[in-house]
Amino acid sequence: MAYGMTVRRFMPFTVMKECAMSNEALVLYEIQGAIATLTLNRPKALNALSPELMAELATIMETLDEDDTVRCIVLTGGPRVFAAGADIKDMAERTSTSMVERRSFATWERVRKCRKPIIAAVSGYALGGGCELAMQCDMIVASETAQFGQPEIHIGIMPGAGGTQRLARALGPYRAMEMVLTGNMLSAREAHAAGLVNRVAPIESFLDEAHRLASEIASRAPVAIRLAREAVRHGVETTVRDGLEIERRNFYLLFNTEDQKEGMQAFIEKRPATYKGK
Ligand code: CAA
């Protein structure tokens, strides 16, 4: 799918209201077939994740989550930058109390609850909250220019949106510790070799590559995708014993779907399966 092609564009009411005030959407989105593409849109601030941007992102994610025609989401910042982190200008004068009181991460939680598979298509900087947002997605496709880092240590803080935990699980504790304590970045190739990135592509085609992966996922049985994704995500956050229980429960559940009957019958009849998401 060529970047910028549009079949359906939606703008939820709440987002429309925010846009009317700011005159510009902070997150653009378009839907082509079963794939929704979301683009962070604060180029002047290198897509810094202001509370307003995160609120728009959460609202759009919730809308897409309820849309049965959408089977996979691609989240990008465009070719120049993914996101340079949480908005430092917004945080500079804040106190611990005001950070807690405004529940800074409530919107992040809303994004995290989306049940659709999400692919981060990262080009340029993915720093601080930007790296954390990419890691909150299910897969990462990077352009050759991508750089991943948790530079919070340079500004007297530490990662707060999952960086210490997700990096340690993705890279192992030693490499994660070095990144968090030095603030040094990983290139796309280094991140790929370390297991943080699924695929690396030239800047001209990284988004196409992400869409190719999204199309593949969107063609599979949707309920099986949802339950398999849930098992992998829970498994990373819990013990192997609990993860195995979730896996077994979801495995059994899938035998109540029409798609399981269709998928197995299609295999036996040597024809492609047609999935309904039921
Ligand atoms: N917040 C707010 N504004 C930001 C920003 C951020 N995280 N990152 C960049 N910007 C703004 C700059 O202030 C600048 O704005 P002005 O033109 O108004 O001055 C504009 O974006 C362009 O930035 P630079 O001129 O700095 O661009 P550069 O190419 O020279 O450097 C960069 C790029 C290395 C990414 C540099 O901008 C940078 O170091 N940014 C901060 C990265 C960072 O520390 N991120 C962590 C934030 S804290 C966090 O994310 C906490 C958490 O865990 C949730």
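The values are calculated or read from the model by the stated rules, or taken from the named source; none is laboratory data. Since we're looking at a predicted model, the values are computed, not measured. Here the Cβ is made from the backbone with ideal geometry for all residues, glycine too, and neighbour counts use every protein chain on show.
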Could you please give the count of residues in segment 179-202 that are within 13 Å of Val122 (Cα to Cα) and part of a helix (DSSP H, G or I)? 4
Can you tell me which of Val200, Val223 is touching a His at 6+ places or on another chain (Cβ under 6 Å), away from the ligand (no atom under 16 Å from the Cβ) and closer than 22 Å to Thr37 by Cα? Val200
Return a yes/no flag: does segment 31-38 have any residue that is at pLDDT 95 or above and either within 12 Å of the ligand (Cβ to nearest atom) or assigned to a helix (DSSP H, G or I) (or both). no
Tell me, please, whether a residue that is of a type in the set (A, V, I, L, M, F, W, C), in contact with a Ser or Thr (Cβ under 8 Å, 6 or more places away or on another chain), within 13 Å of the ligand (Cβ to nearest atom) and within 24 Å of Ile217 (Cβ to Cβ) can be found in segment 137-146. yes
Given the condition in a loop (DSSP other than H, G, I, E, B), assigned by TED's automatic domain parsing to the domain that holds Leu57 and polar (S, T, N, Q), answer yes or no: does some residue in segment 136-154 qualify? yes
Tell me, which residue of segment 236-270 that is polar (S, T, N, Q) and surrounded by fewer than 13 Cβ atoms within 10 Å (Cβ to Cβ) is nearest to Arg166 (Cα to Cα)? Thr239
From the list Gly163, Gly172, which one is surrounded by fewer than 20 Cβ atoms within 10 Å (Cβ to Cβ) and not β-branched (Val, Ile, Thr)? Gly172
Number of the exception - Cys131 against (1) part of a helix (DSSP H, G or I); (2) farther than 16 Å from Arg189 by Cα; (3) in contact with a strand residue (DSSP E or B) (Cβ under 8 Å, 6 or more places away or on another chain); (4) not charged (D, E, K, R): (2)
Go through segment 206-242 and give me each residue that's more than 21 Å from Val74 (Cβ to Cβ), without any contact (Cβ under 8 Å) to a residue 40 or more places away in the chain and assigned to a helix (DSSP H, G or I). Leu227, Ala231, His234, Gly235, Glu237, Val240, Arg241, Asp242
Is it true that some residue in segment 158-178 is part of a helix (DSSP H, G or I), within 11 Å of the ligand (Cβ to nearest atom), of a type outside the set (Ser, Thr, Tyr) and touching a residue at least 60 places away in the same chain (Cβ under 8 Å)? no
Please go through segment 78-116 and give me each residue that is within 23 Å of the chain's Cα centre (by Cα), away from the ligand (no atom under 14 Å from the Cβ) and either on the phi > 0 side of the Ramachandran plot or assigned to a helix (DSSP H, G or I) (or both), ordered by number. Gly78, Arg110
Name the single residue, out of those in segment 50-72 being of a type in the set (Asp, Glu) and either under 23 Å from His211 (Cβ atoms) or near the ligand (Cβ under 9 Å from one of its atoms) (or both), that is surrounded by the fewest Cβ atoms within 10 Å (Cβ to Cβ). Glu66
I'd like to verify a number: residues in segment 77-111 that are of a type in the set (Lys, Arg) and surrounded by 16 or more Cβ atoms within 10 Å (Cβ to Cβ), how many? 1
Only unsatisfied item for Asn47, checking (1) surrounded by fewer than 24 Cβ atoms within 10 Å (Cβ to Cβ); (2) assigned to a loop (DSSP other than H, G, I, E, B), is (1)
Has segment 176-191 got at least one residue that is of a type in the set (A, V, I, L, M), touching a Pro at 6+ places or on another chain (Cβ under 6 Å) and in the same structural domain as Ala134 (by TED's automatic domain parsing)? no
